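Engineer: One structure coming up, written as structure tokens, with questions to follow.
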Amino acid sequence: MKKWLPWLVLALFTVWVLAALRSPRESSEYHTADFGRLPAVLNGRLQPLDSVARNALLVMRGKQSVALDGGGQLSAIGWLMEVTMKPEVADTRRVFRVDHPELRGLLKLPLEGSNYFPFTELQGSLEEIEKQARRANGVEAATRSTFEKAVLKLHFALNTYQRLKNSLRPENSTDFAADLRAYREALAPGIAAVRLREQGKEFNREDFDRLLKLLRNFDAMANVAYPLIVPPVHPEMAGPTWSNLGTSLMESLHTEQIHPAAEAYATMATAYRQAKPAEFNQALAGYRQWLAGQFQPQLDKGWWEFLFNSWRPFVKSIAIYTLVFLLGCASWFGWFQGLNRTAGYLLGLGFVVHTAGIVFRMALEGRPPVTNLYSSAVFVGWGAVGLGLILERLHRDSIGIVMSSALGLTTLIVAHNLSLDGDTMEMLRAVLDTNFWLATHVITITLGYSAMFVAGFLAALYIVRGVFTRSLGPETRQALSRMVYGIVCFATLFNFVGTILGGIWADQSWGRFWGWDPKENGALIIVLWCAILLHARWGGLVRERGLMNLAIFGNIVTSFSWFGVNMLGVGLHSYGFMDKAFVWLMLFVVSQLALIGLGLLPDRFWASLRTPLHPRPARAS
Amino acid sequence: MTASHSNPATDTPTAGVARGGEPQPPTDWTPDLTPRGGGGTLARLVQFFSSLRLTVVCLALALVVVFVGTLAQVEIGLYAAQMKYFRSLFVYWQVPGTPMRIPVMPGGYLVGGVLLINLICAHARRFGFRRDKLGLLLVHVGLILLLLGQLATDLLSVESAMRLTEGQSKSYSEDQRHSELAILETTAADANQVVTIPESVLARKQELRLPQLPFTIKLHAYWPNSTSVPPAAVTGPSLATQGLGVRTQFRQAPLETRMDRRNVPTAYVELMTPTGSLGTWAASLWFDPPQPVSYEGRTFELALRPVRYYRPVSLELMKFSHDKYMGTEIPKNFSSRVRLRQPETGENREVLIYMNNPLRYGGETFYQSGYDERDPRVTILQVVRNPSWLTPYFSCTLVGVGLGVQFLTHLVGFVKRKRA
């Protein structure tokens, strides 16, 4: 049993990971998934409607699905269908997270209970929110209070929601397909009437008014509709871009035709409203077929990104790493062989899924792995897990397992929280739009961060095991010490080379190698810290324990460089001011200082050092 | 002696453990400060400057300076923090309410300088040229080059900007930080003669007598940064009695700390002739057109303007493109198509300057730096003259190779031990 148990566990988890690649089961008669795969353009990039829905929900409620009142979950795309086609139902879904007590007080929302509110409960306060948001907007971003930030966040969420509502049809339309039929009929006579009127000749007032009434609606829609869902009419020509439905309908004035996409969406909207799934599915299939003619690549992109969204590889990795961490820790207390092997295999699986996720994202974006803070967190974790696998292979003592699963888990959770800002595959600002430097400088420096955290975590393990358990024998101590030293050397190499590459990039694009920009200084501080660590050791200024403490301090230095400098809000590199993160950063710093405090305790406080060191006594029978 | 000698548990790659044998004290370096064998002052000095302890202290100080200097950028801005913390021997603390300045910590130049001496001494004294120290030697030579190169950049590099509207041609760039008072004689239509007075001279507020000018310049006020006073807030008559400054008044403003804004200086200058005053003008960077002055049939133009750097080559902006991502305001790319003309060599060609792809010409580099939010036809190019721009490239190659050699040596040793 012992032999095949690790394999069995691995097989089970592999099946679980692969099973998620299947197309999600439809919970209704509507072909929701196919609808979610339809391509649209938002934030300057092509994405499936599913991504539009997920990112909107993330911004509104911090989750990618909606909890239903009667229990159960509504998928993001299911919710988007309601918002766009049956808004009166969507208005009752609890999608707005309001947790600031002052804001709840202002909006007269119950102070206790759920943090999530439906649109119907906020509807009465829209004017007040608008007023407060206008005022908060005038305050400089860096000095806004938490209340002002909460107001702006809610305002943005409501704004996004209103725009989504008007994306597939005007919110107030009852039968949009009928509206479009009327529009098609009104178009030719109406345009003729307009022309006659322009020439000052007699025109048909009725035709003119009929067209004008429809156009007013479409014009309003053109101003607010959110994703650009209508593909260009002549994709082969340079310049034409995707447009939103309202704009497309306004353009019909010139083309005197209604875009097939508009017709398709209108049919779907009406069918959905009238609860006719067969008609909806037929219109959807027809539209997909039409897209396949000229927009196959876009259709494919939607298909792949939808798969990525529903697979959620990083969430899978989090689950696997959690289990690996527990198994790894448990292996130090008994049945080492079996637990170590099971944890090792699972860690390998977690790493494969993690890697697959990164590669998948790279393929979707057409970019190197790290393009923003979110992906840097994913990649730092990946680097740490990779290093941990190597260490585990060399030592087989579960240290690599525990270290890499803990770091992989933490960084993926950090990444998840960073993803709450919305689209994580956003387009890159001009200066960052260079795959060469992203692939060299950014990767090197991010691996440098990984190595710093690996060294810091190993050192923390040394101290925790030494102080609280008797498991830190001389062999483990030596092994850990050697690992920390080796990893620090690796970190020095990567951080230094990465920093220099960054300097060269800066020289290429801004005209100076070094500008004392906070992000540059942060990188320099890491390099200096590595240099201090190595020289202090070579000079005999620190011994084993000192090295560990210095390595733990390296965690603080690295987290400052990674996140702290972004919070300063100055400099060319700053790409995100995050204040909730600041609290977490401070907590992390305090925890690391506490570890260093433990590390400074005299030997008599160390469980592993208190008694003369001898191998752990064999369990008495 | 020191800790590591009696610490065989650690596997020092450079010293301490002889290959495959017993731990041995290292012989090629001396980490402590205590002089042995009664060396003279010089020996002691050399020992001090070559010690590893000094290296660690310097690195730690460097870290503190960089950290504090980075935090200070929030308050005083990037440029001021750079001058105060990094480009200085000492960082001073001004006792509030007094002119007293107390040095509180070493500045970047001092730390960097000592580190440089430390590195050179250490190599001269401890390492010499040994094969197994090749990696270390390369790393350190690279670092020395990097430090020297950055010092040279600090001292020698000149940065300026060139703002061009489509169709416009310029043979000069403008300093983004410093301004000058320029008086241009326009009496003869074809030969313009210009006299410029730098800010540092203006700040002294002395009376200036220049041989090219028929009048002397008397400074009544010089404000390194100023704002205009809104008409409603004007309380008394302007300091100026002539020119644009009569109607527009200014007041002194605190120095700008934000990186994306510049100081806008204003000076009030009175032009004195032997027969009396011609009046007082407000010369301000707020004013775009120069202000005319005439005296005894000669005509002049007076302006406070960014310091100009002229060069024999001129650039004409033909087309500026600013692409955004579909449906957003996120900039995707900027590019400037310019015509480069150098009359002396007869060069006349088109160049495309865009993000991450500058034009290097005549020892200078022209970068696509920005755009004007209000005018889509305007490009802003950054012009940098930095004679030592190549040093980081050399030094990073040296250090990279050195670290690689050192890391590999260590890794090979580690794996060998592991296998053994």
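Engineer: From the residues in the stretch A:243-269 that are assigned to a helix (DSSP H, G or I) and polar (S, T, N, Q), which one is surrounded by the most Cβ atoms within 10 Å (Cβ to Cβ)?
Structural biologist: A:SER248
Engineer: Let me ask something else. Of the residues A:LEU412, A:LEU420, which is over 20 Å from A:GLY366 (Cβ atoms), aliphatic (A, V, I, L, M), in contact with a His (Cβ under 9 Å, 6 or more places away or on another chain) and in contact (Cβ under 8 Å) with a residue 40 or more places away in the chain?
Structural biologist: Matching residue, one of A:LEU412, A:LEU420: A:LEU412.
Engineer: Further question: Can you tell me how many residues in the stretch A:390-424 are within 12 Å of chain B (Cβ to nearest Cβ), surrounded by fewer than 18 Cβ atoms within 10 Å (Cβ to Cβ) and either among the β-branched types (Val, Ile, Thr) or within 20 Å of the chain's Cα centre (by Cα) (or both)?
Structural biologist: The total comes to 1.
Engineer: Restricting to the stretch B:315-346, count the residues that are hydroxyl-bearing (Ser, Thr, Tyr), surrounded by fewer than 17 Cβ atoms within 10 Å (Cβ to Cβ) and more than 16 Å from A:LEU428 (Cβ to Cβ).
Structural biologist: Residues in the stretch B:315-346 being hydroxyl-bearing (Ser, Thr, Tyr), surrounded by fewer than 17 Cβ atoms within 10 Å (Cβ to Cβ) and more than 16 Å from A:LEU428 (Cβ to Cβ): 2 in total.
Engineer: I would also like to ask the following. Assess whether B:PRO198 counts as being out of contact with any Leu (no Cβ under 9 Å at 6 or more places or on another chain) and not assigned by TED's automatic domain parsing to the domain that holds B:GLY363.
Structural biologist: no
Engineer: Let me ask something additional. Out of the residues in the stretch B:43-64 that are more than 10 Å from chain A (Cβ to nearest Cβ) and surrounded by 19 or more Cβ atoms within 10 Å (Cβ to Cβ), state the one that is farthest from B:ARG177 (Cα to Cα).
Structural biologist: Out of the qualifying residues, it is B:GLN47.
Engineer: How do the strands (runs of 3 or more DSSP E) wholly within the stretch B:145-204 filter down when requiring 3 or more residues that are more than 20 Å from B:GLY362 (Cβ to Cβ): which remain?
Structural biologist: B:169-185, B:193-198
Engineer: Only one of A:SER23, A:SER28 is more than 14 Å from chain B (Cβ to nearest Cβ), over 29 Å from B:TYR325 (Cα atoms), surrounded by fewer than 21 Cβ atoms within 10 Å (Cβ to Cβ) and touching a Pro at 6+ places or on another chain (Cβ under 9 Å); which?
Structural biologist: A:SER28 is the lone residue from the list that is more than 14 Å from chain B (Cβ to nearest Cβ), over 29 Å from B:TYR325 (Cα atoms), surrounded by fewer than 21 Cβ atoms within 10 Å (Cβ to Cβ) and touching a Pro at 6+ places or on another chain (Cβ under 9 Å).
Engineer: Of all residues in the stretch B:379-414, which are at the interface with another protein chain (Cβ under 8 Å from one of its Cβ atoms), outside any strand (DSSP E or B) and among the hydrophobic types (A, V, I, L, M, F, W, C)?
Structural biologist: Within the stretch B:379-414, B:TRP389, B:CYS396, B:VAL399, B:LEU403, B:PHE407, B:LEU411, B:PHE414 qualify.
Engineer: Could you tell me whether A:PHE117 is farther than 15 Å from A:PHE218 by Cα, in contact with a strand residue (DSSP E or B) (Cβ under 7 Å, 6 or more places away or on another chain) and of a type in the set (A, V, I, L, M, F, W, C)?
Structural biologist: When the stated conditions are applied, A:PHE117 passes them.
Engineer: Among the helices (runs of 4 or more DSSP H) lying completely within the stretch A:115-225, list those that include at least 1 residues that are more than 34 Å from the chain's Cα centre (by Cα).
Structural biologist: A:176-198, A:205-224
Engineer: For A:ILE358, are the conditions met, namely being assigned to a helix (DSSP H, G or I), touching a residue at least 12 places away in the same chain (Cβ under 8 Å) and away from chain B (no Cβ under 14 Å)?
Structural biologist: yes
Engineer: While we're on this one: Residues of the stretch A:408-431 being under 18 Å from A:PHE563 (Cβ atoms) and either modelled with pLDDT under 85 or hydroxyl-bearing (Ser, Thr, Tyr) (or both), which ones?
Structural biologist: A:THR410, A:THR411, A:SER419, A:LEU420, A:ASP421, A:THR424
Engineer: When the residues of the stretch B:228-248 are narrowed to those that are within 35 Å of the chain's Cα centre (by Cα) and closer than 15 Å to B:ASP288 by Cα, which ends up surrounded by the most Cβ atoms within 10 Å (Cβ to Cβ)?
Structural biologist: B:GLY245
Engineer: Further question: For A:LEU447, state whether it is at pLDDT 90 or above, assigned by TED's automatic domain parsing to the domain that holds A:ALA581 and surrounded by fewer than 22 Cβ atoms within 10 Å (Cβ to Cβ).
Structural biologist: When the stated conditions are applied, A:LEU447 does not pass them.
Engineer: Given the conditions (1) in contact with a helix residue (DSSP H, G or I) (Cβ under 6 Å, 6 or more places away or on another chain); (2) modelled with pLDDT of 90 or more; (3) farther than 30 Å from A:THR143 by Cβ, report the number of the one that B:GLY69 does not fulfil.
Structural biologist: Tallying (1) in contact with a helix residue (DSSP H, G or I) (Cβ under 6 Å, 6 or more places away or on another chain); (2) modelled with pLDDT of 90 or more; (3) farther than 30 Å from A:THR143 by Cβ, B:GLY69 fails exactly one: (3).
Engineer: Ok, one more. Pairs only if they're at least six apart or on different chains, beta carbon under 7 angstrom, first in the stretch A:191-220 and under 21 Å from A:THR255 (Cβ atoms) and surrounded by 18 or more Cβ atoms within 10 Å (Cβ to Cβ), second at pLDDT below 90 and β-branched (Val, Ile, Thr); list them, first residue then second.
Structural biologist: Close Cβ pairs (under 7 Å, with a partner that is at pLDDT below 90 and β-branched (Val, Ile, Thr)) amount to A:PHE208/A:VAL194.
Engineer: Being crowded, with 19+ Cβ neighbours inside 10 Å and assigned to a helix (DSSP H, G or I) is the filter here, so list the residues in the stretch A:289-298 that pass it.
Structural biologist: A:LEU291, A:GLN298
Engineer: Of all residues in the stretch B:304-327, count the ones that are of a type in the set (Gly, Ala, Ser), more than 26 Å from B:ASP288 (Cβ to Cβ) and touching a Lys or Arg at 6+ places or on another chain (Cβ under 6 Å).
Structural biologist: Of the residues in that region, 0 qualify.
Engineer: For the subset of the stretch B:263-277 comprising residues that are surrounded by fewer than 18 Cβ atoms within 10 Å (Cβ to Cβ) and of a type outside the set (S, T, N, Q), which member is nearest to B:VAL194 (Cα to Cα)?
Structural biologist: Ranking the qualifying residues of the stretch B:263-277, first place goes to B:MET272.
Engineer: Just one of (1) within 14 Å of another protein chain (Cβ to nearest Cβ); (2) under 20 Å from A:TRP304 (Cα atoms); (3) in a helix (DSSP H, G or I) trips up A:MET427, so point out which.
Structural biologist: Checking A:MET427 against (1) within 14 Å of another protein chain (Cβ to nearest Cβ); (2) under 20 Å from A:TRP304 (Cα atoms); (3) in a helix (DSSP H, G or I), the one that fails is (3).
Engineer: Mind listing whichever residues of the stretch A:175-197 are within 24 Å of A:ALA264 (Cα to Cα) and aliphatic (A, V, I, L, M)?
Structural biologist: Within the stretch A:175-197, A:ALA177, A:ALA178, A:LEU180, A:ALA182, A:ALA186, A:LEU187, A:ALA188, A:ILE191 qualify.
The values are calculated or read from the model by the stated rules, or taken from the named source; none is laboratory data. Note that the structure is predicted; figures quoted are calculated from it, not measured. Please note: Cβ atoms are built from the backbone with ideal geometry, for glycine as well, and neighbour counts cover all protein chains shown.
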